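Mind having a look at this structure? Questions to follow.
The values are calculated or read from the model by the stated rules, or taken from the named source; none is laboratory data. Nothing here was measured: the structure is a model prediction, and the numbers come from that model. Glycine gets a Cβ as well: all are built from the backbone with ideal geometry, and neighbour counts include every protein chain shown.
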Ligand code: M6R
C-alpha cells in the first residue's frame, strides 16, 4: 500500500528513484511522484496514473537533476487519485518534502491545529499534515523535528524526508509500515521493500518501529525515538535479482504460477529429514504441542483461504479444534483466548495491517503465536513468537499464487507434525503422506502442462457476467480461492459457495449458460457433489468440474472436466488450485485486463 524510495549519493537520484518505484509499483499505482534536491532547490514532479506517465513527464528523470531525492507510488486512501494528492508533499516554503506510506489517523485534529497557526493545505491527504507539522517543529535540527512529529502523529507511517537546509542528508522513519535501508557502491537508499534496492545491494537494514535513519552519501546512522544513536546489523538477502524480474514471461502472475513447483519444493525440503517432519523454527517441545487445545488461524484474503483449508487438515489429522478468522474481524470481536490456545497468523507480505493488529491483540493477551510468513524480516515475522517461513521468493503480482501454494505446504507440515506428536496418526500414515507431499511439485508441473487447454476454455468466458465456484469440505476452501483469483483480476462477479448451501438462496442467480465451476476431490463427498451439480445444471448452468483422475462418472454431470493427479485427500487443494489460477489468469488476459496490477488493489495492504 504505497511504496516509498529514497537515494542520496554520487549518481543522479531521479533515475535511481524511478527504477526503485518500478519495483514497488505493485504496492500502489494510481499516481507517482519524485522530489529531487540539487543542493539549492527541491523540485517536485508528480503525475496521476502509472509510473510510466511520470517517467515520460520527467524524461526518465532528466528534468530533475540532483543527487538526493525521494519517490512515491500511491494507493489512494485520503483524497482521490490526482496530481494534487500524489506525493511528495511540501511545506509552504517548499523547504521540506515528504513521501509517506501508511495512514495518519489523527490528521484531521492536527490539520485543524495547524490551520489555526496559519498553515494552508493544498491537498486532501493525511500526509500533508506531516510536512506542515515538521515545518512547525523545525528549528534547525531535522532529527529533533522528526522526533517531535512522531510524538504527535497517531497511525502508521514510513516516511522519507528531505530538508532544504540539509543538502547532505536524507531522513526516514517508520511506525507500523515497512521500511528498509541499504548501502550501494555509489550511495545510500531507503525503500518500502527489498526488490527496490536489490539491484544495488543485498545487505539490507530492516528499520524497526519508531526508528529513524539518516542517510548521507557515505553512510547511514540509526536513532531511536529519543534521538539516541543505535547500532544495526544488515541482513543479507539471498534472493536472486532475477527473482524479482519477469524473466521473459508476459506477466509476473504467470511467472509466479510457473514458479510453484520450485516454491513448494523449497518450502518442503528443509522440513523433511530422513522421511521425518522436522520444523526446527517451531521451537515447541512435544509437551507444548500436546498441550494445545485450540488453534486460531487468522489472516486476510488468500492467506485466509489457506487457513480455511488448514482447518480441515488440522482437525482431520491432529484432532485439534481450529477456528479460522478474518483478521479484520478477529481483532475487534474479543475472542476467547486461553492458555491452551495457539494463534497462527498467515501472511505473504508480513505487513498486512489487520493481520498484524490481530497478532498484537493476541500477544497482549499472552497467547502463543506462530507466523507463516514469506517476507523475511517483515513486521509479522519479527513480532510472532516463532516464524515458519514459506520460501516462495519475491511475489510481485497482486494476485497471489506461489505464496498461497507455499502457505498450504507449511500448514500441512505443521498439521502432520502435531498429529505425529499427539499420536493421532500412525507413522505409516505419516510416511505415506510425506511421499505424497514430495510428489506435489511434479504433479503441479503436470497440471501446468494443461495450460493451452485451460486457456481455450477460459476464452469462452471473457464475456461472462457471473461465475460460481462450488465445493464441499476442502473443496469449498479451494472454491473460495478460485473465485477470488478470477474476480480480482478479471472483474467478473464471482462467488464461492459450499455446494450444499446453494439452494438456500444463491441458486436463484443461475441462468441459462451461467458457468459453475465445481470442485470435487473429496471422495466421501463425491456423490453429494454430483447431486449439487445436477441441481444447477437442470437450471441451465454450464458445468466445469475439477476432480481426481479416474472419477470419470463426473462426465455425466459436467460439460467440461479437468482431472488432477491422485494425492492424499488432505493435499488436493495444492493441485486443484493450479487450473483455477490458470483459468482466472486467462479469462483476465482475454479481457485485456492488467493482471499484475488490477484496479483498486495493492499487493501489500498496510492500512485497515
Ligand atoms: O500479504 P498477505 O498474505 O497478508 O495478504 C493478504 C491478502 O491481502 C492477499 O492474499 C490478497 O487477498 C491477494 N490479492 C489475493 O490474491
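Which of the strands (runs of 3 or more DSSP E) contained wholly in the range 450-527 include at least 1 residues that are without any contact (Cβ under 8 Å) to a residue 40 or more places away in the chain?
On the way: elements: 466-471, 493-498, 515-520.
In the range 450-527, the matching strands (runs of 3 or more DSSP E) lie at 493-498.
Can I ask one more? Going by what's in this entry, would residue 387 be described as within 21 Å of residue 289 (Cβ to Cβ), within 14 Å of the ligand (Cβ to nearest atom) and in contact with a strand residue (DSSP E or B) (Cβ under 9 Å, 6 or more places away or on another chain)?
Details: within 21 Å of residue 289 (Cβ to Cβ): yes; within 14 Å of the ligand (Cβ to nearest atom): yes; in contact with a strand residue (DSSP E or B) (Cβ under 9 Å, 6 or more places away or on another chain): yes.
In short, yes.
I'd like to know if the range 405-419 contains one or more residues that are within 12 Å of the ligand (Cβ to nearest atom), crowded, with 22+ Cβ neighbours inside 10 Å and not in a helix (DSSP H, G or I).
Looking through the range 405-419, none of the residues is within 12 Å of the ligand (Cβ to nearest atom), crowded, with 22+ Cβ neighbours inside 10 Å and not in a helix (DSSP H, G or I).
Ok, one more. So, in the range 29-56, exactly how many residues are over 22 Å from residue 162 (Cα atoms) and in contact with a strand residue (DSSP E or B) (Cβ under 7 Å, 6 or more places away or on another chain)? Can you show your working first?
Restricting attention to the range 29-56, the residues satisfying the condition of being over 22 Å from residue 162 (Cα atoms) are 29-30, 48-50, 52-53, 56.
From what's left, in contact with a strand residue (DSSP E or B) (Cβ under 7 Å, 6 or more places away or on another chain): 29-30, 48-49, 53.
Qualifying residue count for the region: 5.
Tell me whether the range 559-568 contains one or more residues that are outside any loop (DSSP other than H, G, I, E, B) and over 14 Å from residue 447 (Cβ atoms).
Initially, the range 559-568 is screened for residues outside any loop (DSSP other than H, G, I, E, B), giving 560-564.
The next check asks that each one be over 14 Å from residue 447 (Cβ atoms); those that pass are 560.
The answer is yes, given that some residue of the range 559-568 is outside any loop (DSSP other than H, G, I, E, B) and over 14 Å from residue 447 (Cβ atoms).
Additional query: Can you pull out the residues in the range 352-374 that are more than 8 Å from the ligand (Cβ to nearest atom) and in a loop (DSSP other than H, G, I, E, B)?
From the range 352-374, those more than 8 Å from the ligand (Cβ to nearest atom) are 353-354, 356-373; that's our starting set.
The answer is 365, 366, 367.
When only residues in the range 302-330 that are crowded, with 24+ Cβ neighbours inside 10 Å and farther than 21 Å from residue 368 by Cβ count, which is nearest to the ligand (Cβ to nearest atom)?
Result: 305.
Hey, residue 368 hits all of (1) surrounded by 24 or more Cβ atoms within 10 Å (Cβ to Cβ); (2) farther than 22 Å from residue 574 by Cβ; (3) in contact with a strand residue (DSSP E or B) (Cβ under 8 Å, 6 or more places away or on another chain) but one; which does it fall short on?
The number of the failed condition is (1).
Right, something else. Can you list the strands (runs of 3 or more DSSP E) lying wholly within the range 181-284 that have 2 or more residues being touching a helix residue (DSSP H, G or I) at 6+ places or on another chain (Cβ under 8 Å) and in contact (Cβ under 8 Å) with a residue 12 or more places away in the chain? Lay out the reasoning, then the answer.
Details: elements: 187-191, 203-206, 212-215, 220-223.
Hits in the range 181-284: 187-191, 203-206, 212-215.
Something else now. Going by what's in this entry, would residue 349 be described as modelled with pLDDT of 95 or more, surrounded by 23 or more Cβ atoms within 10 Å (Cβ to Cβ), outside any strand (DSSP E or B) and within 16 Å of the ligand (Cβ to nearest atom)? Break it down into steps so the answer makes sense when it comes.
Working: modelled with pLDDT of 95 or more: no; surrounded by 23 or more Cβ atoms within 10 Å (Cβ to Cβ): yes; outside any strand (DSSP E or B): yes; within 16 Å of the ligand (Cβ to nearest atom): yes.
Criteria not met by residue 349.
Does residue 287 satisfy the condition of being without any contact (Cβ under 8 Å) to a residue 40 or more places away in the chain, more than 23 Å from the chain's Cα centre (by Cα), farther than 19 Å from residue 409 by Cβ and away from the ligand (no atom under 16 Å from the Cβ)? Can you show your working first?
Values: without any contact (Cβ under 8 Å) to a residue 40 or more places away in the chain: yes; more than 23 Å from the chain's Cα centre (by Cα): yes; farther than 19 Å from residue 409 by Cβ: yes; away from the ligand (no atom under 16 Å from the Cβ): yes.
Yes.
Here's a check for you: in the range 13-34, which residue that is out of contact with any helix residue (DSSP H, G or I) (no Cβ under 9 Å at 6 or more places or on another chain) and outside any helix (DSSP H, G or I) is modelled with the highest pLDDT? I'd like the intermediate steps shown before the answer.
Residues of the range 13-34 out of contact with any helix residue (DSSP H, G or I) (no Cβ under 9 Å at 6 or more places or on another chain): 13-17, 27-28, 30.
Subsequent filtering for residues that are outside any helix (DSSP H, G or I) retains 28, 30.
Details: 28: 82, 30: 90.
Result: 30.
Cβ contacts < 8 Å: first residue closer than 18 Å to residue 314 by Cα, restricted to the range 336-357; second residue part of a loop (DSSP other than H, G, I, E, B) and within 16 Å of the ligand (Cβ to nearest atom), any location; separation 6+ or different chain. Result?
Close Cβ pairs satisfying both conditions: 345/384.
Something else now. What is the one condition in (1) in contact with a helix residue (DSSP H, G or I) (Cβ under 9 Å, 6 or more places away or on another chain); (2) in a loop (DSSP other than H, G, I, E, B) that residue 336 does not satisfy?
Residue 336 satisfies all of (1) in contact with a helix residue (DSSP H, G or I) (Cβ under 9 Å, 6 or more places away or on another chain); (2) in a loop (DSSP other than H, G, I, E, B) except (1).
Residues that are at pLDDT 95 or above, more than 20 Å from residue 554 (Cβ to Cβ), in contact with a helix residue (DSSP H, G or I) (Cβ under 7 Å, 6 or more places away or on another chain) and surrounded by fewer than 20 Cβ atoms within 10 Å (Cβ to Cβ): does the range 474-493 have at least one?
Taking every residue of the range 474-493 in turn, at least one turns out to be at pLDDT 95 or above, more than 20 Å from residue 554 (Cβ to Cβ), in contact with a helix residue (DSSP H, G or I) (Cβ under 7 Å, 6 or more places away or on another chain) and surrounded by fewer than 20 Cβ atoms within 10 Å (Cβ to Cβ).
Restricting to the range 577-608, give me the number of residues that are in contact with a strand residue (DSSP E or B) (Cβ under 6 Å, 6 or more places away or on another chain) and either within 16 Å of the ligand (Cβ to nearest atom) or part of a strand (DSSP E or B) (or both). Quick ask: steps written out before the conclusion?
So in the range 577-608, the residues in contact with a strand residue (DSSP E or B) (Cβ under 6 Å, 6 or more places away or on another chain) come out as 579, 607.
Those still in the list that are either within 16 Å of the ligand (Cβ to nearest atom) or part of a strand (DSSP E or B) (or both) too: 607.
Within the range 577-608, residues that are in contact with a strand residue (DSSP E or B) (Cβ under 6 Å, 6 or more places away or on another chain) and either within 16 Å of the ligand (Cβ to nearest atom) or part of a strand (DSSP E or B) (or both) number 1.
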